[in-house]
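The values are calculated or read from the model by the stated rules, or taken from the named source; none is laboratory data. These figures come from a predicted structure and were not determined experimentally. Virtual Cβ from ideal backbone geometry, glycine too; neighbours counted across all protein chains shown.
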Amino acid sequence: MISVDELRSSFKGQVTTDGDTDYDISRWAKSAVRKAKYVAYPVDAEDVSKAILFARANNLELAICGGRHSTAGASSSEGGLVIDLGKKMNNVRIDAEKQLAYVQGGARWGAVDEASMKHGLVALGGVVSDTGVGGLTVGGGYGWLTGEHGLVVDNLVSATVVIASGEILIASETENADLFWGIRGGGSNFGPVTEFVFKLHKQRSDVYFTELVFASAKLPQILDEVEGWLKDQCPKEATHLAFAGGPDGSPCVVLFGFYNGSFEEGEARFGRFAALGPLLNKTRSLPYPEINNVLEFSIGENRLFRGAFLPKFDKKVISRIDAARQKLVAEYPSTAKSTLVLELYHFGKVSSVPIDATAYPGRHGNSNIGMVFEWSDESLSSQARQISKSVMGDITDEETSGYGNFCDADVGRGKDRVMEQFGSNYTRLAIIKRKYDPENVFHRWFAITPA
């Protein structure tokens with residue numbers, strides 16, 4: 001046993017408990033809040049190590065918190081210890097000469113964009129600036145620049161990882177290479193990453209971005225145009241189709257189009273969609289960091305992520321997304337803010353990397369369907385997983401795995417679901433898990449069973 005006073009005496013950051021001013025268990029999803037016994041705010045890897053050893057010595061369930069976006073509650077712990085990296089370990093340092101970003105584990109992507117773009121450089125990050133760097137990275141990581149630069153894990157140079165024994169390790173292609181392989185898609189199974197080192201890319205300051213809102217009745221015409229656009233999609237462009245409710249609650253389809261070039265170049269590629277007669281047309285050039293502010297959500301609602309892969313652009317299946325959402329809202333009116341998104345990136349760069357090159361298994365060229373299931377009627381909380389599963393079942397022909405960061409609703413469904421998630425990479429992941437976390441201390445996401 002280690003007393004909390006002993007931990008505090010050597011801890012450079014803060015260790016808080018309920019009633020303390022800085023004790024904070026709030027989350028992006030209200031439904032993911034859990035009442036931790038302790039919340040620790042470390043300032044460095046040594047603090048993180050001490051917190052892990054304290055949790056283990058006192059048999060406390062341990063959770064690692066970065067951006068607070070886990071809707072499954074993976075960054076929360078009921079009665080346990082939360083190591084919250086976001087408060088004091090959120091710095092970003094840019095080495096412009098070497099084109100590298102040194103990013104602490106609690107940083108968010110907006111801070112990375114802001115720091116790197118001062119030098120005309122960018123890291124491959126997510127599409128929402130408030131997203132935590134840690135969770136997105138270890139889960140794989142897609143972004144607007146995926147067509148040109150691949151996944152976030154493909155741009156990771158090295159990482160500092162604190163493993164279950166409390167050891168602080170550098171993971172890279174030349175040091176602890178097996179651990180480096182595992183954290184690039186294997187999630188939070190091996191310990192918190194206290195610093196990521198990413199390679200940076202030269203990036204123009206302004207990019208083309210269009211946001212077109214259509215009545216859902218326009219969906220057939222939209223899909224015809226998207227099908228044509230996909231035939232010569234280039235790595236510089238990407239589209240998201242969002243199925244949501246408009247300001248008056250009526251169903252709508254929002255097309256987000258990105259082109260990493262001038263306004264004129266973007267219009268040449270996306271002007272075809274504006275010709276369909278949207279209800280709202282917000283087409284403009286934006287500073288690159290600002291496009292990641294477009295998809296922000298409010299904080300503190302009941303939410304659950306669910307995802308699936310779409311193996312090919314199938315207009316019949318995509319049409320079901322709109323129908324399934326309308327059916328959901330009709331049956332459960334408090335879910336009216338729920339949104340489903342189809343991401344359409346150019347997959348050449350992602351697919352060019354062998355599936356066994358990193359732990360991330362989703363390099364098959366499938367598109368991502370992501371659902372943000374949101375509800376205000378508290379009586380639905382116990383049914384959220386099943387209801388959201390039914391919605392996805394109305395869309396896909398068969399139950400499929402999906403991009404792990406979209407699949408919070410499947411966390412905790414057992415070993416078979418975990419094996420399905422990691423596919424052919426699972427066996428190797430289990431061997432690495434045995435080496436670095438044999439007692440399964442880190443088990444809050446898709447928990448890999450040590451071999």
- Task: Scan region 136-179 for residues that are without any contact (Cβ under 8 Å) to a residue 24 or more places away in the chain and in a helix (DSSP H, G or I) and jot them down.
- Result: Ala177
- Message: Checking the structure you have, find out if any residue of region 418-427 is in the same structural domain as Ser319 (by TED's automatic domain parsing), in a helix (DSSP H, G or I) and buried (at least 19 other Cβ atoms within 10 Å of the Cβ).
- Response: no
- Out of Val226, Val254, which single residue is touching a residue at least 12 places away in the same chain (Cβ under 8 Å) and within 22 Å of the chain's Cα centre (by Cα)? Val254
- Does region 390-417 hold any residues that are assigned to a helix (DSSP H, G or I), touching a residue at least 60 places away in the same chain (Cβ under 8 Å) and touching a helix residue (DSSP H, G or I) at 6+ places or on another chain (Cβ under 7 Å), and which are they? Val391, Asp394, Ile395, Gly404, Asn405, Ala409, Asp410
- How many of the residues making up region 254-309 are over 22 Å from Cys407 (Cα atoms) and among the acidic types (Asp, Glu)? 4
- Condition met for Asp397 (at pLDDT below 95 and crowded, with 21+ Cβ neighbours inside 10 Å): no
- Query: Could you say which residue among Lys337, Lys349 is in a loop (DSSP other than H, G, I, E, B), out of contact with any Cys (no Cβ under 8 Å at 6 or more places or on another chain) and among the basic types (Lys, Arg)?
  - Reply: Lys337
- Go through region 160-208 and give me each residue that's under 30 Å from Gly412 (Cα atoms), surrounded by fewer than 21 Cβ atoms within 10 Å (Cβ to Cβ) and in contact with a His (Cβ under 9 Å, 6 or more places away or on another chain). none
- Condition check for Ser334: touching an Asp or Glu at 6+ places or on another chain (Cβ under 9 Å) and touching a residue at least 12 places away in the same chain (Cβ under 8 Å): yes
- Item | Selection count where residues are crowded, with 20+ Cβ neighbours inside 10 Å and among the basic types (Lys, Arg), scope region 30-63 | 1
- Task: Output the residues belonging to region 350-379 that are crowded, with 19+ Cβ neighbours inside 10 Å and either within 24 Å of Glu173 (Cβ to Cβ) or of a type in the set (Val, Ile, Thr) (or both).
- Result: Val350, Thr358, Ala359, Tyr360, Pro361, Gly362, Arg363, Ile369, Val372
- Task: Go through region 429-451 and give me each residue that's farther than 24 Å from Gly307 by Cα, assigned to a helix (DSSP H, G or I) and either touching a helix residue (DSSP H, G or I) at 6+ places or on another chain (Cβ under 9 Å) or among the small types (Gly, Ala, Ser) (or both).
- Result: Ile431, Ile432, Lys433, Lys435, Tyr436
- Applying the selection to region 108-135, what residues are farther than 17 Å from Lys199 by Cβ, in a strand (DSSP E or B) and of a type in the set (A, V, I, L, M, F, W, C)? none
